[in-house]
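To start, the structure under review is shown below, and the notes come after it.
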Amino acid sequence: MHCPFCQSTDTRVIDSRVSEDGATIRRRRECEACGERFSTLETIELKLPTIIKGDGRREPFDARKLRLSMDRALHKRPVSEEQIEATVRAVVHQLRMTAEREVSSRRVGEFVIAELRKLDHVGFVRFASVYRAFEDVADFREELDRLERELPGDGQLPLLEGAAATPVKGPRKR
């Protein structure tokens, strides 16, 4: 490891800490030549499959593009950054577990849809509307009907987190 201050190759590790998710190690280092301290981040580098696009083009998997599409689908939704990052990691993990050198973009989209369905139903419908290219209201309605059939209980989502789903009644009479 080269010192970023003097470019010396003589550095030593002072402290190492594993991240909460166990995916990275942060190392505190000190340069033996100039005495400056700096941190490095160590991650596992695994080759992810090449993505085959709908038109036949091939391109390397890009987790930033995946994160951007999830950010769009979950815009203004009550989902934390940590939950989004965990969802991205879950999709990347599924890609690694395929053990294939090439994966179609359709398959990646199905991985994303499955994870978004568990995370946030509105984000799921937003992503699905673009991914599955809904062309009219009937396509939306069909997907919403499918989602409602899969929901436990009365099929309604609570308006507020932690709130029970209650039926809406007509206006109160005074």
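Computed FRET efficiency, Cβ-Cβ of residue 23 and residue 129, R0 41 Å: what is it to the nearest 0.05?
Approximately 0.85, to the nearest 0.05.
Expressed in nm to one decimal, what extension gain is obtained for the pair residue 90 and residue 48 from 0.36 nm per residue of sequence separation less their Cα-Cα distance?
Result: 13.8 nm gained on full extension.
Can you list, largest first and rounded to whole Å, the semi-axes you get for the stretch 50-150 by taking the square root of 5 times each eigenvalue of its Cα gyration tensor? Could the numbers behind the result be given before it?
Working: eigenvalues 103, 60, 29 Å².
After scaling each eigenvalue by five and taking roots: 23, 17, 12 Å.
Expected output is a single nm value to one decimal: the length gained when fully extending between residue 34 and residue 8, i.e. 0.36 nm times separation in residues minus the C-alpha distance. What is it?
Going from the current span to full extension adds 8.5 nm.
Please work out how much length the chain gains when fully extended from residue 41 to residue 150, using 0.36 nm per residue of separation minus the C-alpha to C-alpha distance, in nm with one decimal.
My answer for the length gained is 35.1 nm.
Report, for the stretch 1-113, the % of DSSP beta bridges that are antiparallel, rounded to 5.
Just about 85 percent of them are antiparallel.
List the aspartates and glutamates whose alpha-carbon lies under 17 Å from that of residue 53, not counting same-chain residues fewer than 8 positions away?
62, 100, 102, 110
Read-outs: derived from the displayed coordinates by stated rules, not from any lab. Because the structure is predicted, anything quoted here is derived from the model rather than measured. All Cβ positions, even for glycine, are placed from backbone atoms using ideal geometry, and neighbour counts span all protein chains on display.
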